[in-house]
Amino acid sequence: MSHQSESDEKPEESRREFAKSTRRAFISRLGMASLLASTGSVGPVLGESLKKEQSLSSESKDTIPVSLRVNGKKYDLQIDPRTTLLDCLREHLHLTGSKKGCDHGQCGACTVHINGRRQLSCLSFAALHEGDEITTIEGIGQPEKMHPMQTAFVECDAYQCGYCTSGQIMSAVALLKEPCGADEAEVKEFMSGNICRCGAYQNIVAAIQKVREGAKTG
Amino acid sequence: MKTFQITRPRDDGRAIAATVKAKTAQQGADIRFIAGGTTLIDLMKLNVEQPQNLVDVNRLPLDKIEATPDGGLTIGATVRNTDLAWHPLVRKNYNVLSEAILSGATVQIRNMATTAGNLVQRTRCVYFRDTSMPCNKREPGSGCGAINGFNRNLAILGTSQQCIATNPSDMNVAMAALEANIHVRGAKGERSIPIGEFHLLPGNTPQRETVLEPGDLITHVTLPPPAPGNRSLYLKLRDRMSYEFALASAAVVITSVNGKITRARIAMGGVGTKPWRSTEAEAELTDQPANEAAFRKAAEAALAQAKPQSQNGFKVELAKRCLVHALKLATQNA
């Protein structure tokens with residue numbers, strides 16, 4: 001059994017889930033985990049040690065072949081069908097720039113471009129994206145050759161902790177091609193799918209406007 | 001999340017064949033079509049939906065928007081919400097639809113979500129989404145946690161003793177006011193369903209939300225030609241300015257001549273268990289002068305049957321004011 005299948009729930013997610021859960025749900029999960037451990041099938045809430053054992057074999061009858069094109073490179077993978085595009089990018093392709101915030105399509109930290117449009121990689125399965133052109137923050141720019149939006153984020157101090165930043169930048173880059181009006185209110189509306197818990201919104205808007213104005217005059 | 005198989009049928013015949021053996025096309029379906037996935041995958045992560053088979057319809061040729069010979073519009077099932085909202089013919093002839101879609105979710109989600117997916121979008125009721133809570137929609141017979149629980153954002157129209165869950169869609173409200181027809185291909189051939197008959201009231205079977213049966217594939221939606229000289233808009237009231245579901249919303253399509261309303265189509269969102277067309281409000285408005293008194297009378301008629309719950313009584317007046325204001329905006333300077 002591959003470790004890929006478990007990438008849907010990372011330890012921090014599990015903790016959050018457990019904190020929310022009732023005692024009954026908690027116990028039923030423990031029951032499920034022990035059942036799964038004994039049958040060797042896939043479980044979403046298993047411990048690290050079991051994950052490591054299972055990761056030794058990369059293929060099993062529960063995985064499927066998926067070919068993805070990410071940042072111009074083709075990858076042939078054998079993954080659990082449950083693998084979200086986000087988990088696939090992070091855990092299988094080790095493109096960890098795309099972040100997992102809420103994992104339910106509410107925060108935007110996982111934003112990537114699919115065929116040129118920004119989408120939420122946590123709300124889609126990797127297996128649905130054969131033939132698509134996927135671009136992550138790693139494909140937008142690199143430290144030695146940054147995208148103008150990345151430069152503007154640095155110059156405008158458009159982040160604090162940085163966790164939401166790659167998603168913010170992916171949205172901001174896509175916004176440049178979207179029918180977004182010139183004023184700040186419109187930018188804020190177009191960026192409303194990206195939450196920043198540090199509250200760097202003013203500077204994020206400033207960075208976007210800087211690039212837009214630069215693009216206009218340049 | 002339970003594991004599943006994914007198939008990608010080459011054509012809609014195969015897509016239908018792949019789903020026709022499902023036990024149900026409603027809550028808890030064992031076989032599901034998947035397109036944008038923005039609702040379904042979210043619910044699968046919550047174990048609210050546990051399909052064993054997903055039939056990927058993203059590659060079927062159902063993604064076109066085309067004018068119909070009679071001046072109406074055909075919208076393919078997998079047209080993304082973004083493409084529908086910004087399409088020149090929609091902007092020109094069906095402003096209410098464009099505004100409704102753009103008022104919902106975010107750019108990222110609208111880039112993924114499809115026309116058909118939005119039609120079958122599931123409620124945001126927290127009891128439905130939490131498997132440790134009772135919910136007659138998710139688990140028939142388990143009770144309704146919302147009726148004496150957290151119901152501030154839930155429905156006041158079309159509710160039952162079993163369920164008070166709101167239909168969360170903005171697009172559906174506009175579609176209701178535009179009298180859209182939903183075209184379905186299934187095991188028994190093709191049929192067209194007026195949107196007013198597509199969604200079901202919860203009654204004693206809240207797990208059944210639409211008339212869809214196993215194998216039924218929504219292929220496209222048609223809009224009738226725009227009423228000559230109409231003005232339409234969508235007004236949405238919510239707890240924050242963006243990325244929030246409606247507490248109350250109004251889709252209005254109004255034709256007025258010399259300050260008199262000659263035709264009105266009214267639907268409301270955020271208040272109903274289904275997209276809430278109000279023929280009562282329409283009747284109150286037709287042949288009336290376009291003034292506040294007439295708007296208020298229409299709003300009273302629209303909400304006459306409202307049954308507020310313990311926390312959402314404010315919605316009755318909010319919905320009325322929402323409709324009155326939408327009507328004002330749609331008729332000013334006309």
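The values are calculated or read from the model by the stated rules, or taken from the named source; none is laboratory data. Note that the structure is a prediction, hence the values are computed from the model and not measured. Heads up, the Cβs are rebuilt from the backbone with ideal geometry, glycines too, and the neighbour counts pull from every protein chain shown.
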(request) Could you check the range A:140-218 for helices (runs of 4 or more DSSP H) lying wholly inside it with 2 or more residues that are within 14 Å of chain B (Cβ to nearest Cβ)? (result) A:165-175, A:184-190, A:201-217
(request) Kindly list the number of the only condition in (1) within 12 Å of another protein chain (Cβ to nearest Cβ); (2) within 25 Å of B:ARG185 (Cα to Cα) that fails for B:PRO61. (result) (1)
(message) When you check A:CYS122 against the structure, is it away from chain B (no Cβ under 13 Å), on the phi < 0 side of the Ramachandran plot and in a helix (DSSP H, G or I), yes or no?
(response) no
(request) Determine if the range B:137-151 includes at least one residue that is under 29 Å from B:GLU99 (Cα atoms) and part of a loop (DSSP other than H, G, I, E, B). (result) yes
(message) Among the residues in the range A:154-174, are any surrounded by fewer than 18 Cβ atoms within 10 Å (Cβ to Cβ), without any contact (Cβ under 8 Å) to a residue 24 or more places away in the chain and at positive phi?
(response) yes
(message) Please go through (1) closer than 30 Å to A:GLU186 by Cβ; (2) within 13 Å of chain A (Cβ to nearest Cβ) for B:VAL126 and return the number of the only condition it doesn't satisfy.
(response) (1)
(message) Checking the conditions here, which among B:ALA100, B:ALA116 is away from chain A (no Cβ under 14 Å), assigned to a helix (DSSP H, G or I), more than 26 Å from B:ILE254 (Cβ to Cβ) and not hydroxyl-bearing (Ser, Thr, Tyr)?
(response) B:ALA116
(request) Working carefully through the options A:THR83, A:THR111, A:THR96, find the one that is within 9 Å of the chain's Cα centre (by Cα), modelled with pLDDT of 95 or more and within 11 Å of another protein chain (Cβ to nearest Cβ). (result) A:THR111
(message) Which condition from (1) within 30 Å of A:LYS188 (Cβ to Cβ); (2) free of Cβ contacts under 8 Å to residues at least 24 places away in the same chain; (3) buried (at least 18 other Cβ atoms within 10 Å of the Cβ) is the one that B:ARG32 breaks?
(response) (1)
(request) Answer yes if at least one residue in the range B:236-246 is in a loop (DSSP other than H, G, I, E, B), closer than 18 Å to B:LEU102 by Cβ and basic (Lys, Arg), and no otherwise. (result) yes
(message) So B:ASN81 ticks every box in (1) within 13 Å of chain A (Cβ to nearest Cβ); (2) surrounded by fewer than 24 Cβ atoms within 10 Å (Cβ to Cβ); (3) touching a residue at least 24 places away in the same chain (Cβ under 8 Å); (4) in contact with a helix residue (DSSP H, G or I) (Cβ under 7 Å, 6 or more places away or on another chain) but one. Which box is left unticked?
(response) (2)
